[in-house]
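Novice: What follows is a single structure, and I will ask about it in a moment.
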Amino acid sequence: MKPRYLFPSDYMADPSANVFNGRLYIYPSHDWEAGAAFDDDGGHFQMKDYHVLSLDDVENGDVTDHGVILDVSQVAWAEKQMWDNDVVEKNGKYYLIFSAKDYNGVFHLGVAVADKPEGPFVPQEQPMRGSMSIDPCVFKDEDGQIYVYFGGLWGGQLQWYQAPQKLLKEGGVDLGPAADKKTQLFAPADVPALSSFVVRLSDDVMQFAEAPHSVVVLDENGEPLKLATRIASSRPHGCISITVNTISLTLLVTAICSAMLSVTILMDRSPIRASSSIPSWAGPPITLS
């Protein structure tokens, strides 16, 4: 397959790809020239709405931009930074799970509902209770249960909700700012990485049905990956090899997903097998103070 730009006339990022009714729908974040100053927490990424793109032929088909499917002005609890999102279908309804920052500068996950995959989507008045951080990725299991994976460090605020085994006053691995937005968090490189989370959603897809669980990834020795781990991954069928240095599992997942984007679009997603009970690859539920 020859690489091509799907939508070169605008700034689109963070694509999630889904096949609905035999057509491929791509849900990206939508960047724009906001004029915000660059910072390490991504404050210059001031996304304010979502579009959806669709096509019926990945290699040669025309891409349809269905326009704005949700704007931050429609979301009562959200002030700005509508970052990554994903969509799942259940009983003929389409649920957009998205991340945005509230008026206190805290990221949460929200839900908006539509009758068609191209929207428009109607948001709920409040974010999901107990939700936090960014980058939701939704998985619908064979039994109909729906799970969402999420989490990102630094500007994604994941480090606010879990602590490494040991903290340093300075040096080591920089995990980003603490919840007070003043203290910088540092940890030794040889402690387990901060994990992303996975949670089962309620039957109506509106709330968490349980406390989130850590997504635990083990190395070749069966030990949790460390904050600074060198990982080499070779891919079959002529795909490129990946060698990355990572400070967290969230960055590892980002690296792999970025490399697999074309494969994801062509082959659809086959996420890690889940179950309605506590998954075997998940750690204990987190406790929020």
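Novice: Which is over 13 Å from ASP49 (Cβ atoms), touching a Leu at 6+ places or on another chain (Cβ under 6 Å) and of a type in the set (A, V, I, L, M), of MET132, MET128? Break it down stepwise before answering.
Specialist: Working: MET132 fails: touching a Leu at 6+ places or on another chain (Cβ under 6 Å).
The match here is MET128.
Novice: Given (1) surrounded by fewer than 23 Cβ atoms within 10 Å (Cβ to Cβ); (2) within 19 Å of PHE208 (Cβ to Cβ), identify the lone condition not met by PRO120.
Specialist: Answer for PRO120: the failing condition is (2).
Novice: Find the residue count for the range 16-46, including only residues that are surrounded by 20 or more Cβ atoms within 10 Å (Cβ to Cβ) and in a loop (DSSP other than H, G, I, E, B).
Specialist: Qualifying residue count, the range 16-46: 1.
Novice: One residue is enough: does the range 62-73 have a residue meeting the conditions within 22 Å of SER202 (Cα to Cα) and out of contact with any helix residue (DSSP H, G or I) (no Cβ under 7 Å at 6 or more places or on another chain)?
Specialist: Let us first name the residues in the range 62-73 that are within 22 Å of SER202 (Cα to Cα), namely none.
No, the range 62-73 contains no residue that is within 22 Å of SER202 (Cα to Cα) and out of contact with any helix residue (DSSP H, G or I) (no Cβ under 7 Å at 6 or more places or on another chain).
Novice: Can you tell me which condition ALA100 does not meet? The list is (1) out of contact with any strand residue (DSSP E or B) (no Cβ under 9 Å at 6 or more places or on another chain); (2) buried (at least 20 other Cβ atoms within 10 Å of the Cβ), and all the others hold.
Specialist: (1)
Novice: In addition: What number of residues in the range 58-81 are closer than 30 Å to PRO3 by Cα, touching a residue at least 12 places away in the same chain (Cβ under 8 Å) and surrounded by 14 or more Cβ atoms within 10 Å (Cβ to Cβ)? Explain how you work it out, then say what you get.
Specialist: Just the residues of the range 58-81 that are closer than 30 Å to PRO3 by Cα, to begin with: 58-70, 81.
Those left that are additionally touching a residue at least 12 places away in the same chain (Cβ under 8 Å): 58-59, 63, 65-70, 81.
Okay, now just the ones that are also surrounded by 14 or more Cβ atoms within 10 Å (Cβ to Cβ), so 58, 63, 65-66, 68-70, 81.
Total meeting the criteria: 8.
Novice: Give me the pairs, please: first residue somewhere in the range 193-206 and without any contact (Cβ under 8 Å) to a residue 24 or more places away in the chain, second residue anywhere and of a type in the set (A, V, I, L, M, F, W, C), beta-carbon distance under 9 Å, and either six or more positions apart or on two chains.
Specialist: SER202/ILE146; SER202/PHE208; SER202/ALA209; ASP203/ILE146; ASP203/ALA209
Novice: When you scan the range 25-44, do you find a residue that is without any contact (Cβ under 8 Å) to a residue 60 or more places away in the chain and β-branched (Val, Ile, Thr), even just one?
Specialist: No: zero hits.
Novice: While we're on this one: Would you point out the residue of the range 138-192, among those that are among the basic types (Lys, Arg) and in contact (Cβ under 8 Å) with a residue 12 or more places away in the chain, that is nearest to LEU109 (Cα to Cα)? Give the derivation first.
Specialist: Residues of the range 138-192 among the basic types (Lys, Arg): 140, 166, 169, 181-182.
Remaining after also requiring in contact (Cβ under 8 Å) with a residue 12 or more places away in the chain: 140, 166, 169, 181.
Working: LYS140: 17, LYS166: 29, LYS169: 31, LYS181: 20 Å.
Filtering the range 138-192 for residues that are among the basic types (Lys, Arg) and in contact (Cβ under 8 Å) with a residue 12 or more places away in the chain, the one nearest to LEU109 (Cα to Cα) comes out as LYS140.
Novice: Of all residues in the range 8-59, which are under 23 Å from LYS101 (Cα atoms) and aliphatic (A, V, I, L, M)?
Specialist: If the condition is that a residue be under 23 Å from LYS101 (Cα atoms) and aliphatic (A, V, I, L, M), then MET12, ALA13, ILE26, ALA34, ALA36, ALA37, MET47, VAL52 are the ones that fit.
Novice: A further question on this structure: Return the only residue of ALA211, ALA179, ALA228, ALA187 being modelled with pLDDT of 90 or more, of a type in the set (Gly, Ala, Ser) and buried (at least 16 other Cβ atoms within 10 Å of the Cβ).
Specialist: Details: ALA211 fails: buried (at least 16 other Cβ atoms within 10 Å of the Cβ); ALA179 fails: buried (at least 16 other Cβ atoms within 10 Å of the Cβ); ALA228 fails: modelled with pLDDT of 90 or more.
Answer to the check: ALA187.
The values are calculated or read from the model by the stated rules, or taken from the named source; none is laboratory data. None of the values given here were measured: they were computed from a predicted structure. No Cβ is skipped: glycine too gets one built from the backbone with ideal geometry, and neighbour counts run over all protein chains shown.
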